[in-house]
Amino acid sequence: MNHGGAASRVDNIRRSLAHLKMPRALEMLDATLRGIEQGKIDGIEAIDILLNEELSLRENRRIKAALRMARLPIIKTLDGYDFSFQPSLDRNRILALAGLDFINRAEVVHLLGPPGTGKSHIATALAVEAVKAGKSVYFIPLADLIASLTKAEREGTLREKIRFLCRSSLLVVDEIGYLPVTPGGGNLFFQLVNARYEKGAMILTSNRGFAEWGDVFGDPVVATALLDRLLHHAVVIQIEGSSYRMRQHADLLPEHARMAPSNNPPPLPKRRGRPPAKEKPDLHHG
């Protein structure tokens, strides 16, 4: 084939790539063709390179858009978590969660521990892993969640709001126990939990043990109903340690604040209103 004919073919390829909206392949075309001319790659390898470059670009765009949709406050990874600072935490157990089987089983992961021990970091990192795996994720602090549900109830759109919050494969509710729950908020949260029960996975982070949830939600009855569902198919991770954020200033803290007390979870509340399953509940205490 003469040079003019080859140039014409290349121009056709460029137009086709542009028409197919393959900008990365179009960007890499000249360099790939030079690789062929220099004998470094053959035609099959060239096609493979162009397609892989384009797929990588599209995958990165998908992940970026999905992370925005997930409303993650910041991007964290498990590689960035300092497991050596929290020796009470089983690294292998966290890495097993990153396999995301708990999402397929519609389980609830509880991350419990004092402030600064990395609960939100781990929750966010697991959410990032889920996004990369193509799972839909939604992240929200409990205070914002209850404010949103309260607004929807006031406007008569609560059912639609709960339906929206049930669409995600993984719902992450952060900071349970950090701020007081407004009156009626516990009941609204229960309606959401009940709607997702055995249908969608959740990750919950809290600085309060389960025995304190009656105080957190201002209603022991609602707290018991919540725990009845949230602990049925659950993985409980207890992090016992001091604050990573305050590690450089630990000597300035009072003695009692340097090592916060353990939030050991109490026994499961007795289930009422439905017969227990034949198999044992899938509950692992951390």
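What to note about this one:
- Some residue of segment 121-136 being surrounded by 18 or more Cβ atoms within 10 Å (Cβ to Cβ), out of contact with any Phe, Trp or Tyr (no Cβ under 9 Å at 6 or more places or on another chain) and not in a helix (DSSP H, G or I): yes
- Checked against (1) within 18 Å of Ser169 (Cα to Cα); (2) open to solvent by 20 Å² or more (accessible area, probe 1.4 Å), Val193 passes all but a single condition, namely (2).
- Residue check for Leu72: in contact (Cβ under 8 Å) with a residue 40 or more places away in the chain, assigned to a loop (DSSP other than H, G, I, E, B) and either surrounded by 13 or more Cβ atoms within 10 Å (Cβ to Cβ) or over 27 Å from the mean Cα position of the chain (by Cα) (or both): yes
- Close pairs (9 angstrom Cβ cut-off, 6 or more residues apart or separate chains): outside any helix (DSSP H, G or I) in segment 21-32, among the polar types (S, T, N, Q) anywhere: Met22/Ser16
- Consider segment 210-239 and keep the residues that are more than 23 Å from Phe83 (Cβ to Cβ) and among the small types (Gly, Ala, Ser). The one that is most open to solvent (accessible area, probe 1.4 Å) is Ala211.
- Residue match in segment 151-169 (condition: of a type in the set (Asp, Glu) and either at positive phi or open to solvent by less than 50 Å² (accessible area, probe 1.4 Å) (or both)): no
- Within segment 214-236, tally of residues that are touching a helix residue (DSSP H, G or I) at 6+ places or on another chain (Cβ under 7 Å) and not in a helix (DSSP H, G or I): 3
- Single condition Ser56 does not satisfy, out of (1) in contact with a Gly (Cβ under 8 Å, 6 or more places away or on another chain); (2) under 30 Å from Ala130 (Cβ atoms); (3) part of a helix (DSSP H, G or I): (1)
The values are calculated or read from the model by the stated rules, or taken from the named source; none is laboratory data. Bear in mind the structure is a predicted one, so any value in this text is a computation, not a measurement. Please note: Cβ atoms are built from the backbone with ideal geometry, for glycine as well, and neighbour counts cover all protein chains shown. Heavy atoms of the whole protein, side chains included, go into the accessibility calculation; ligands, DNA and RNA do not. Shrake-Rupley method; radii C 1.70, N 1.55, O 1.52, S 1.80 Å.
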